[in-house]
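The values are calculated or read from the model by the stated rules, or taken from the named source; none is laboratory data. The shown structure was predicted, so the numbers you read here are calculated from the model rather than taken from an experiment. Note that each Cβ is placed from the backbone with ideal geometry, even for glycine, and that neighbours are counted across all protein chains shown.
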Amino acid sequence: MSDVIGGLDLANIGVRVCSDGALPGFDDYVSILDSNDPMPLDECIEGREMLYSSGTTGRPKGVRKPLPATPFGDPTSPPVQVAKGIAARGITAGSVYLSPAPLYHGSPLVFCMSAQRLGAAVVVMERFDPVRCLELIERHRVTYAQFVPTMFVRMLKLSDEERAVYDLSSLEEVTHGAAPCPVSVKYRMIEWMGPIIHEYYSGTEDVGATQISSPEWLAHPAPSANPCSMPHRRRERGGIARR
């Protein structure tokens, strides 16, 4: 990592922190934590995640969203609204949320942050492995998990005997998105885990979202089709207007 950093121009970056060991020119994250009071800051304000995406338009870009800059916990701020939406799915302080996907993707990051905001425990896999995933669900009594269709396919490639070893009875809802799920795969997942498979589709740019439950999907097998309520944004000269 030091070789990579050494080739970058960091002159305009005033705050440089390394979270994994020592790096010349960077402050150590653990040392910063140890030197500060663990009590909440006097002035905490809401922020937003900033992610880099090319999945929607095909061209890599940073998605910079308007900062609420309102007091932490402001019920009108987007992060709180997102957390409320996730809470409506049943995630509470007693829930255990499993993220088998990397946190540089929008949905895993936002779901993990929102689950922690609600007080839930979060289990993050370093990389996806179907057997390891089932082990973690059983060990931590995971109640909610989020996948992409490729992960479904890899779990279904395990034999019936391999999958039957693990107790998945703690699962209350399994969410999937990011790409269309083949009908045959969706049928097999519902047959295996029960009608707790919830599908949704959205985008890092917050342009809208759709969702569909297992009962709705079984009545009409198709990619998620029910629109979620979400403000529409259009770009205007001088900023972003909502409607």
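For Glu161, the conditions (1) touching a residue at least 12 places away in the same chain (Cβ under 8 Å); (2) assigned to a helix (DSSP H, G or I) are fulfilled apart from (1).
Please indicate, with yes or no, whether at least one residue in segment 78-85 is touching an Asp or Glu at 6+ places or on another chain (Cβ under 8 Å), of a type in the set (Lys, Arg) and surrounded by fewer than 19 Cβ atoms within 10 Å (Cβ to Cβ). Checking segment 78-85: not a single residue is touching an Asp or Glu at 6+ places or on another chain (Cβ under 8 Å), of a type in the set (Lys, Arg) and surrounded by fewer than 19 Cβ atoms within 10 Å (Cβ to Cβ). Of the listed requirements (1) modelled with pLDDT under 95; (2) of a type outside the set (Asp, Glu); (3) surrounded by 17 or more Cβ atoms within 10 Å (Cβ to Cβ), Val96 misses just one: (1).
Test Ser31 against the criterion of being closer than 26 Å to Val110 by Cβ, among the polar types (S, T, N, Q) and surrounded by 11 or more Cβ atoms within 10 Å (Cβ to Cβ), and give yes or no.
Judged against the criteria, Ser31 is not a match.
Against the list (1) more than 30 Å from His140 (Cα to Cα); (2) touching a helix residue (DSSP H, G or I) at 6+ places or on another chain (Cβ under 7 Å), the condition Leu98 fails is (1).
Could you list, in sequence order, the residues of segment 105-150 that are polar (S, T, N, Q) and part of a strand (DSSP E or B)? Let's see the steps before the verdict.
So the first thing to find is which residues in segment 105-150 are polar (S, T, N, Q), and the list is 107, 114, 116, 143, 146, 150.
Matches in segment 105-150: Gln146 only.
Enumerate the strands (runs of 3 or more DSSP E) found wholly within segment 169-220, keeping only those where 1 or more residues are in the same structural domain as Arg154 (by TED's automatic domain parsing), touching a residue at least 40 places away in the same chain (Cβ under 8 Å) and not aliphatic (A, V, I, L, M). Walk me through how you get there before you give the answer.
Values: elements: 173-176, 197-201, 210-212.
Because the criterion is at least 1 residues that are in the same structural domain as Arg154 (by TED's automatic domain parsing), touching a residue at least 40 places away in the same chain (Cβ under 8 Å) and not aliphatic (A, V, I, L, M), the strands (runs of 3 or more DSSP E) in segment 169-220 that meet it are 173-176, 197-201.
Checking each residue in segment 61-77 for being crowded, with 16+ Cβ neighbours inside 10 Å and not aliphatic (A, V, I, L, M) picks out Lys65, Pro68, Phe72, Ser77. Residues in segment 151-204 that are of a type in the set (S, T, N, Q) and surrounded by fewer than 16 Cβ atoms within 10 Å (Cβ to Cβ): Ser159, Ser169, Ser170, Ser184.
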